[in-house]
Amino acid sequence: MAADDKDKRARAVAENRKARFNYEVLDTLESGLALTGTEVKSLRTGQANIAESYASIEGGELWLINSWLPEYLQGNRFNHEPRRRRKLLVKKKELVRLAKGVERDGMTLVPLKIYFNDKGRAKLLLAVARGKKLHDKRETEKTRDWERQKSRLMRDKG
């Protein structure tokens, strides 16, 4: 396998970049996605969006809600609905752990990114997170700006 092929597989298909800014990530979990054929082909084009999506435990199952996978252009009549609910595949033990995490005050399940693993399977990185307050977001922004300035100063001096 060429290095180019490995690089393409490890690349994130969809990433929720604002999640780490809006939420304090406490725990992460890799889960599988139950997808149809046209959804997988559509994911491989790399145009999915999980920015407004979230995960929910309903009826003893884990669901990804409000994620957007565009229709596959060559899908014809077998195409999928872009905003349908998708089942997340996790073991029972992990589901119980997630349920306990969400029961705590102010916790939610936030998808961080969708990617293909080494075997070519679609995976979702899911986080148990707590929403940040406004002052926490300001602090995050200050540290990010300081790190950026520090790297500029080091680059210019050195």
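Quick note: the coordinates plus some simple rules give every number you see, no bench work behind them. Because the structure is predicted, anything quoted here is derived from the model rather than measured. Here the Cβ is made from the backbone with ideal geometry for all residues, glycine too, and neighbour counts use every protein chain on show.
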**Message:** Just to confirm the number: angle between the C-alpha axis of helix 92-103 and the first principal axis of the chain, 0 to 90 degrees, nearest 10?
**Reply:** 50 degrees
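When the chain is fully extended, how far beyond the present Cα-Cα distance does residue 154 get from residue 85, taking 0.36 nm per residue of separation?
Numbers: separation 69, 0.36 × 69 = 24.84 nm, distance 4.75 nm.
The residue 154-residue 85 span can extend by a further 20.1 nm.
Which longest run of the chain has no exposed loop site in it, a site being trypsin sites (Lys or Arg not before Pro) in a DSSP loop with at most 15 other beta carbons within 10 Å, and the site itself not part of the run?
19-82
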**Item:** lysines with Cα under 30 Å of residue 41, excluding same-chain neighbours fewer than 8 positions away
**Value:** 6, 8, 18, 87, 91, 92, 113, 119, 123
**Asked** Tell me, how many Å apart are the Cα centres for the range 112-158 and for the range 52-98?
**Response** 25 Å
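What shape does the chain take by its C-alpha gyration tensor, where a ≥ b ≥ c are the square roots of the eigenvalues and a/c under 1.5 counts as rounded, a/b above b/c as prolate, and the rest as oblate? Mind showing how you got there, number by number?
Details: a/c = 2.05, a/b = 1.27, b/c = 1.62.
Oblate shape, in that a/c is at least 1.5 and b/c is the bigger or equal ratio.
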**Prompt:** Helix 134-157 versus the longest principal axis of the chain: what angle, 0 to 90°, nearest 10, using Cα atoms?
**Reply:** 70 degrees
**Item:** Mean ellipticity per residue at 222 nm, deg cm²/dmol - from DSSP H runs of n ≥ 4 across the chain, formula -39500 (n - 2.57)
**Value:** -11000 deg cm²/dmol
